[in-house]
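Structure first, commentary second.
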Amino acid sequence: MAKKGRIPGKYTNNERRSRNDRFQEGHKAKNTKTPGSKEHYSKEERIAYKKSNPEKMRINKFISNSGVCSRREADTLISKGEIKVNGKVVTELGMTVTTNDTVEYQGKKLNPEKKVYMLLNKPKDTVTTSKDPEGRKTVIEIVRNACPERVYPVGRLDRNTTGVLLLTNDGDLSKKLTHPSFEAKKIYHVFLDKPLEPKDLESIKKGVELEDGLIKPDSVNYVDNDPMQAGIEIHSGKNRIVRRIFEHFDYRVEKLDRVFFAGLTKKNLPRGKWRFLSEKEVRFLKSELSGK
């Protein structure tokens, strides 16, 4: 009979405990940081990493990501000599650049970050901020894992208002959409605590003098001939404006749902869900802005 012995590579219980003790005392945890990771690196470290490890891409993609035009249209701009790289005009199609290069169009430096446009059907009991000091759920939490880019809400909906909310990292578009001069069209579905009297409906149509000035909706009427519901179209971006209009006439808004914003609707988008805008929708938004 073969002599019993230790199996190669195996440890006794005492040896295993001793080995584990030595490991825990002397072992230093490996750096588990992922390059560029938001969770483990400070903002300064991420910036330094990106500068020392610049992303490479074809120049037409760089231009497209900046939001100027499509890749095909970018090739046309390059061929016409309308693009500069590090101060020099370039005409070579297929040229590769990095995020450290300075690419200019019409004298303006381009930002190569991919522009993201998202539509959220905002649910109730969520705040339209990136962080909430009171610990309430935010719209950013809903779309947190949607893309690597950081997006922000365009304008605000109060905590209990639901409906169409645009989120993007396109700062220029966001500023234009929220600027009073653009007058972004908004339509709300209002549910009231009591029937809206015809005389009050007519008063709202003519304009309401509130503490911060006269507000005149573009249109307002009953929904499905139900006096407990109203549809109101308005351009004003003042805080809680729809609620304040009805409160002025002693009505309490039980529910408020934004069904339309700057040409966007929540059609086929369930409450609390989001989707990316189509290229057609993005072009429409930008064309509307350029016309203002």
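A few remarks follow.
- Within region 222-271, considering residues that are among the acidic types (Asp, Glu) and in a strand (DSSP E or B), the one nearest to Glu183 (Cα to Cα): Glu233
- Boolean, Asp75 is under 29 Å from Arg150 (Cα atoms), open to solvent by 30 Å² or more (accessible area, probe 1.4 Å) and assigned to a helix (DSSP H, G or I): yes
- Residues within region 207-222 that are open to solvent by less than 30 Å² (accessible area, probe 1.4 Å) and closer than 23 Å to Lys194 by Cα, tallied: 6
- Test: residue in region 232-241 that is touching a residue at least 12 places away in the same chain (Cβ under 8 Å), surrounded by 11 or more Cβ atoms within 10 Å (Cβ to Cβ), touching a Ser or Thr at 6+ places or on another chain (Cβ under 8 Å) and among the β-branched types (Val, Ile, Thr): yes
- Qualifying residue in region 206-217 (condition: assigned to a loop (DSSP other than H, G, I, E, B), in contact with a strand residue (DSSP E or B) (Cβ under 8 Å, 6 or more places away or on another chain) and either touching a residue at least 12 places away in the same chain (Cβ under 8 Å) or at negative phi (or both)): yes
- Residues that are free of Cβ contacts under 8 Å to residues at least 24 places away in the same chain and in a loop (DSSP other than H, G, I, E, B) were ranked within region 147-161; the one that is least open to solvent (accessible area, probe 1.4 Å) is Pro148.
- Which numbered condition Ser219 fails, given (1) at pLDDT 95 or above; (2) within 30 Å of Ser70 (Cβ to Cβ); (3) among the hydroxyl-bearing types (Ser, Thr, Tyr): (2)
- Matching residues in region 272-292 - criterion: being out of contact with any strand residue (DSSP E or B) (no Cβ under 6 Å at 6 or more places or on another chain) and part of a helix (DSSP H, G or I): Glu279, Lys280, Glu281, Arg283, Phe284, Leu285, Lys286, Ser287, Glu288, Leu289, Ser290
- One residue stands out in region 85-98 among those that are in contact with an Asp or Glu (Cβ under 7 Å, 6 or more places away or on another chain) and open to solvent by 50 Å² or more (accessible area, probe 1.4 Å): the one that is nearest to Arg150 (Cα to Cα), namely Asn86.
- Among residues that are within 28 Å of the chain's Cα centre (by Cα) and over 30 Å from Cys147 (Cα atoms), Gly231 is included.
- One residue stands out among those in region 49-69 that are closer than 17 Å to Asn111 by Cβ and exposed (fewer than 15 other Cβ atoms within 10 Å of the Cβ): the one that is modelled with the highest pLDDT, which is Lys56.
- In region 226-246, the residues that are of a type in the set (Gly, Ala, Ser) and under 14 Å from Phe260 (Cα atoms): Gly231, Ser236, Gly237
- Which listed residue is modelled with pLDDT of 95 or more, open to solvent by 50 Å² or more (accessible area, probe 1.4 Å) and over 23 Å from Thr161 (Cα atoms), from Glu247, Glu254, Glu202: Glu202
The values are calculated or read from the model by the stated rules, or taken from the named source; none is laboratory data. Just so we're clear, the structure is a prediction, and the values are computed from it rather than from any experiment. Backbone-built Cβ (ideal geometry, glycine too); neighbour counts: all protein chains shown. Each accessible area value is taken on the protein alone, full model and side chains, heavy atoms only, with ligands, DNA and RNA left out. Shrake-Rupley method; radii C 1.70, N 1.55, O 1.52, S 1.80 Å.
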